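What follows is a single structure, written as structure tokens, with notes after it.
The values are calculated or read from the model by the stated rules, or taken from the named source; none is laboratory data. From a predicted model like this one, the values you see are computed outputs, not experimental measurements. Positions of Cβ are backbone-derived with ideal geometry, glycine not excepted, and every protein chain shown enters the neighbour counts. What goes into the accessible areas is simple: the full protein's heavy atoms, side chains included, and nothing from ligands, DNA or RNA. Shrake-Rupley method; radii C 1.70, N 1.55, O 1.52, S 1.80 Å.
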Amino acid sequence: MSHQPEILYAAEVAVSGGRAGHALSSDGRLDLNLDVPTEMGGTGGSGTNPEQLFAAAHAACFQSALLRIASGRKLDTRGWRIVARVAIGPIKSGGFGLSAGLQLDAPGIGHDEAHDLMTRAHESCPYSRALRGNVDVRLTVGATDVEHQTA
């Protein structure tokens, strides 16, 4: 079985200047400055950074997977949100590595159902699949761990 998808859409973004540069998508919809956070020795300027962009992308994709599953169960998803956290730091083998976390805030459903939704969304989200085995990912509902996969 092939793990390569039939391509429906491909994003293209050109970056100049690395972490302290500029990013521009081929369609012009993404046009932003990048800055290095002060925690990483940068200026902490007004631009965003790769970790914020990745957190936004992962949260959006993950929540879409979760909402698709919830819709099939006819759940009221109003007020639900996913909070994503992407962290970067040095690793023992050299260089830098990432860790990630996704937190579900879902008023109106029980913990067991929220736990199941998170687990199923993590199985189907393309970003979660790409991270599996490569990045530590912690799933939580409110403040309670659902799953913690280590790379």
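Data for the structure
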item	result
Long-range HN-HN contacts of residue 47 with modeled amide H, under 5 Å	35
Cα-based convex hull volume of the stretch 1-69 per residue, rounded to whole Å³	149 Å³
Using alpha-carbon coordinates, inclination of helix 50-72 to the longest axis of the chain, degrees	20 degrees
Karplus-derived 3J(HN,Hα), 6.51/-1.76/1.60, for each residue of the stretch 131-137, Hz, glycine and proline x	7, 3, x, 10, 9, 5, 10
The stretch 18-143 - Rg over Rh from alpha carbon coordinates, Kirkwood radius	1.03
Accessible surface ranking that places the most exposed of 74, 92 first, with a 1.4 angstrom probe	92, 74
Share antiparallel - DSSP beta bridges, the chain, percent rounded to 5	75 percent
Karplus-derived 3J(HN,Hα), 6.51/-1.76/1.60, for each residue of the stretch 30-38, Hz, glycine and proline x	10, 8, 8, 8, 10, 9, 8, x, 4
Principal axis box of the stretch 66-125, alpha-carbon based, largest edge first, Å	47, 20, 17
Listed peptides 36-46, 105-115, 6-16, 131-141 by packing density, highest first (mean Cβ within 10 Å)	131-141, 105-115, 36-46, 6-16
Choice from 53, 30, 102 showing the highest fluctuation, given a GNM over the chain with Cα pairs closer than 10 Å	30
Kirkwood hydrodynamic radius of the stretch 90-151, from inverse mean 1/r over distinct Cα pairs, in Å	12.5 Å
Choice from 126, 90, 50 with maximal GNM fluctuation in the chain (Cα, 10 Å cutoff)	90
On Cα atoms only, tilt of 111-124 relative to the major axis of the chain in degrees	50 degrees
Calculated from backbone phi, Karplus (6.51, -1.76, 1.60) coupling profile of the stretch 94-102 in Hz, x at Gly/Pro	x, x, 10, x, 10, 9, 9, x, 10
